[in-house]
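To start, the structure under review is shown below, and the notes come after it.
The values are calculated or read from the model by the stated rules, or taken from the named source; none is laboratory data. Model, not experiment: these values are computed from the prediction. Note that each Cβ is placed from the backbone with ideal geometry, even for glycine, and that neighbours are counted across all protein chains shown.
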Amino acid sequence: MDYLARNAPRIASADGFLPGARSVISLAWDYSRPQVSLQGGALLARYAAGRDYHRALGARLKKLKATLVRAGMSAEGLRFGVDAVPVLERALAGSAGLGFQAHSGGIIHPKLGPYLLLAEILTKEELPPDAPSPGSCGTCRACLDICPTGAIQAPFEVDGQLCLSYTTIEHRGPIPRELRAAQGAWIFGCDLCLEVCPYTKFSRERRQDDPDFQIHPALQTYSLLGVLELTQEAWDRDWTGIAVRRARREGLRRNAALALGNLGEESAVPALELCLEEPDAGLRSAAAWALSRLGANPRAVDAARAREEDATLQKDLAESLETWGLDS
């Protein structure tokens with residue numbers, strides 16, 4: 001996550017995104033929906049189930065910008081973005097009255113709940129500020145207690161590199177061994193801290209006829225094993241226009257391997273054995289770990305260790321072999 005350090009000056013000042021910026025119009029999109037899962041039990045974060053939110057919200061922001069220009073604002077003095085804008089969007093959302101900061105680090109709207117995606121429009125015009133949002137988490141510790149990796153270490157204090165939303169999406173290569181069992185069935189992100197939030201009682205499912213909200217066809221047709229066996233051709237054909245692409249094909253397959261091991265899916269053994277010969281180190285390590293979790297074919301893992309040229313991965317595979325009482 002070194003990009004945060006690299007972009008620190010830009011994040012600290014909105015001038016880095018729009019020189020001369022004077023105000024920020026902070027926006028939120030409620031994506032409340034039931035839990036999303038694939039055939040075979042794999043889980044995905046709710047926000048990733050429909051059309052890629054960067055595109056969905058970007059299209060809406062483009063229309064809003066046009067409306068503001070028609071109302072008299074300068075087009076050159078407006079700039080919008082979704083998620084990737086180098087500003088402290090959660091702090092801005094709280095200041096703009098969209099919600100209060102949660103112990104989990106997110107934003108909770110006191111009447112809509114915690115399932116919110118944020119976006120911003122920066123302007124060079126001086127706009128009257130809104131009042132900060134009312135509400136707070138009080139003494140609630142539900143999100144801290146449910147976090148499977150301990151990423152929420154204290155109220156408002158999150159170690160991003162332990163969060164499943166980082167390890168399953170942004171992290172490349174092998175996932176740290178100590179986090180693999182904690183990943184459970186999650187293959188893209190995690191909603192646990194949101195699901196236990198008391199404010200979810202205010203969450204309302206969006207209209208299913210919203211094209212941006214409808215579940216992506218790939219999530220309706222692929223099984224967890226199918227994700228593990230996903231070819232490049234199928235990835236390019238079936239998994240377009242969805243936020244899951246952020247994890248890349250190799251990352252999603254790696255996550256699927258770990259989930260199959262955690263779910264005890266013995267039918268995946270042949271596919272996992274084939275993954276031991278894949279070029280991606282993260283997938284090879286996940287396959288070996290899953291096979292050890294399933295107690296299946298230590299000889300295949302030992303052979304993979306013997307031909308492995310990466311010393312770090314050799315050690316990783318050797319640790320998987322120890323599950324069977326074997327060593328290198």
- Taking the stretch 13-26 on its own, how many of its residues are in a helix (DSSP H, G or I) and without any contact (Cβ under 8 Å) to a residue 40 or more places away in the chain? 1
- Query: Taking the stretch 272-306, which residues are over 23 Å from Thr231 (Cβ atoms) and surrounded by fewer than 16 Cβ atoms within 10 Å (Cβ to Cβ)?
  - Reply: Gly295, Arg299, Ala303, Ala306
- Task: List every residue pair whose Cβ atoms sit under 6 Å apart, with the two residues 6 or more apart in sequence or on different chains, where the first one lies in the stretch 281-297 and is within 20 Å of Glu250 (Cβ to Cβ) and aromatic (Phe, Trp, Tyr) and the second, anywhere, is modelled with pLDDT under 95 and assigned to a helix (DSSP H, G or I).
- Result: Trp289/Ser320
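Out of the stretch 26-35, which residues are crowded, with 21+ Cβ neighbours inside 10 Å and either within 16 Å of the chain's Cα centre (by Cα) or of a type in the set (A, V, I, L, M, F, W, C) (or both)?
Answer for the stretch 26-35, where residues must be crowded, with 21+ Cβ neighbours inside 10 Å and either within 16 Å of the chain's Cα centre (by Cα) or of a type in the set (A, V, I, L, M, F, W, C) (or both): Leu27, Tyr31.
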- Item | Out of Arg70, Arg55, Arg51, Arg90, sole residue that is surrounded by fewer than 18 Cβ atoms within 10 Å (Cβ to Cβ), farther than 30 Å from Glu266 by Cα, among the charged types (D, E, K, R) and within 18 Å of the chain's Cα centre (by Cα) | Arg55
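Surrounded by fewer than 17 Cβ atoms within 10 Å (Cβ to Cβ), β-branched (Val, Ile, Thr) and touching a residue at least 40 places away in the same chain (Cβ under 8 Å), is that true of Ile242?
Numbers: surrounded by fewer than 17 Cβ atoms within 10 Å (Cβ to Cβ): no; β-branched (Val, Ile, Thr): yes; touching a residue at least 40 places away in the same chain (Cβ under 8 Å): yes.
Spelling it out, it is not the case that Ile242 is surrounded by fewer than 17 Cβ atoms within 10 Å (Cβ to Cβ), β-branched (Val, Ile, Thr) and touching a residue at least 40 places away in the same chain (Cβ under 8 Å).
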- Query: If Gln232 passes every condition in (1) of a type outside the set (A, V, I, L, M, F, W, C); (2) surrounded by 16 or more Cβ atoms within 10 Å (Cβ to Cβ); (3) touching a Lys or Arg at 6+ places or on another chain (Cβ under 8 Å) but one, which one does it miss?
  - Reply: (2)
- Does the stretch 59-67 contain any residue that is among the small types (Gly, Ala, Ser) and either part of a strand (DSSP E or B) or in contact with a strand residue (DSSP E or B) (Cβ under 7 Å, 6 or more places away or on another chain) (or both)? no
- Query: Looking only at residues in the stretch 167-203 that are out of contact with any Gly (no Cβ under 8 Å at 6 or more places or on another chain) and part of a loop (DSSP other than H, G, I, E, B), which one is farthest from Leu313 (Cα to Cα)?
  - Reply: Val196
- Query: Out of all the residues in the stretch 71-121, which are charged (D, E, K, R) and assigned to a loop (DSSP other than H, G, I, E, B)?
  - Reply: Asp83, Lys111
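Does Val269 meet the test of being more than 20 Å from the chain's Cα centre (by Cα) and assigned by TED's automatic domain parsing to the domain that holds Tyr222?
yes
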